[in-house]
């Protein structure tokens, strides 16, 4: 029996994104009944409580700064607990080495770093980005297995680091079963949905331009609802809404709870996502799983997630999105087809399937 450490330091009760990925990975691996001891490393007792029901042992990571945890805490934990393998989602592995590591990457970090520079990241983030630039290629080379969240990310990694091609394995993450069909918000009627955040990759400007171009061509006016915390971009988004004359048609909802988000997906007559880049298209997957017809970018990982279950458009061409939006809203047969295909496609993304592939990668690392 091997002893496998799992980095779950992002897990928290309010966590999303990578926090949810780490938590569901632990739960799904525990559910496989592996002949190995699993030890999850968390930062808080609250995070440990989320994992407790799985029976997986938890250890507290004492190092508060991520880089200190990664470069000092992880090697120390590997030695102290005599770990045989390590599973992580970071792109910065310990320089000092240690046991064989499986790292699960969702994107090549240079995209995120370039955006941080472009949009004036703070001093701490800039320093972290410099460390990432110095370490990520070495880390990918030193990992026993490199999992990627999409084929698009695998292809990009292979192009940048040809030497890692032989140890790449695509593992799509699973989807929380809470994202499922059901009733939409009471009294809302028909609406289009787009999620906006502080990340400019959301390409909200194109979503607004596409919606504005579609409105005059629709049989009836359908409002655009935009949930999400836009942060410092809110003033620019509001200014664009006013410039396009959409004040009466667009509603910024701000941050919403997971339950509210599911309900919004369920009631959407169309989900509009002109993202510029995604290592894995979680939002389009969530929308499909809730029965929303998807109109999304035909770029990076999105086509492999959507396949033929939605309309794919050029994120630089609002008119393409507008034409697709008009068709989905005014052709009931097309909308019904998109819903059916989306539900079928989303059902393929289960954590049980993901965990099986992760377990195989861990076995490969143990045998290295």
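The values are calculated or read from the model by the stated rules, or taken from the named source; none is laboratory data. Please read these numbers as outputs of a predicted model, since none were measured by experiment. Cβ atoms come from the backbone with ideal geometry, glycine included; neighbour counts cover every protein chain shown.
Within segment 140-177, restricting attention to residues that are touching a residue at least 24 places away in the same chain (Cβ under 8 Å) and in a strand (DSSP E or B), which residue is surrounded by the fewest Cβ atoms within 10 Å (Cβ to Cβ)? Looking at residues that are touching a residue at least 24 places away in the same chain (Cβ under 8 Å) and in a strand (DSSP E or B), I get 169.
Can you say whether residue 325 is assigned by TED's automatic domain parsing to the domain that holds residue 227, at pLDDT 95 or above and not in a helix (DSSP H, G or I), as far as the supplied structure shows? No; evaluated as a whole, the condition is false for this residue. Do we have residue 316 as part of a loop (DSSP other than H, G, I, E, B), over 20 Å from the mean Cα position of the chain (by Cα) and at pLDDT 95 or above here? Spelling it out, residue 316 is indeed part of a loop (DSSP other than H, G, I, E, B), over 20 Å from the mean Cα position of the chain (by Cα) and at pLDDT 95 or above. Strands (runs of 3 or more DSSP E) fully within segment 33-139 that include at least 3 residues being in contact (Cβ under 8 Å) with a residue 24 or more places away in the chain and surrounded by 15 or more Cβ atoms within 10 Å (Cβ to Cβ): 37-42, 85-88, 101-105. Looking at 213, 287, just one residue is more than 30 Å from residue 344 (Cα to Cα) and either part of a helix (DSSP H, G or I) or modelled with pLDDT under 95 (or both), and that residue is 213.
The set of residues in segment 324-352 that are in contact with a strand residue (DSSP E or B) (Cβ under 8 Å, 6 or more places away or on another chain) and farther than 30 Å from residue 23 by Cβ comprises 324, 325, 327, 328, 329, 335, 338.
All of 266, 238 fail the test of being in contact (Cβ under 8 Å) with a residue 12 or more places away in the chain, assigned to a helix (DSSP H, G or I) and under 24 Å from residue 302 (Cα atoms), apart from 266.
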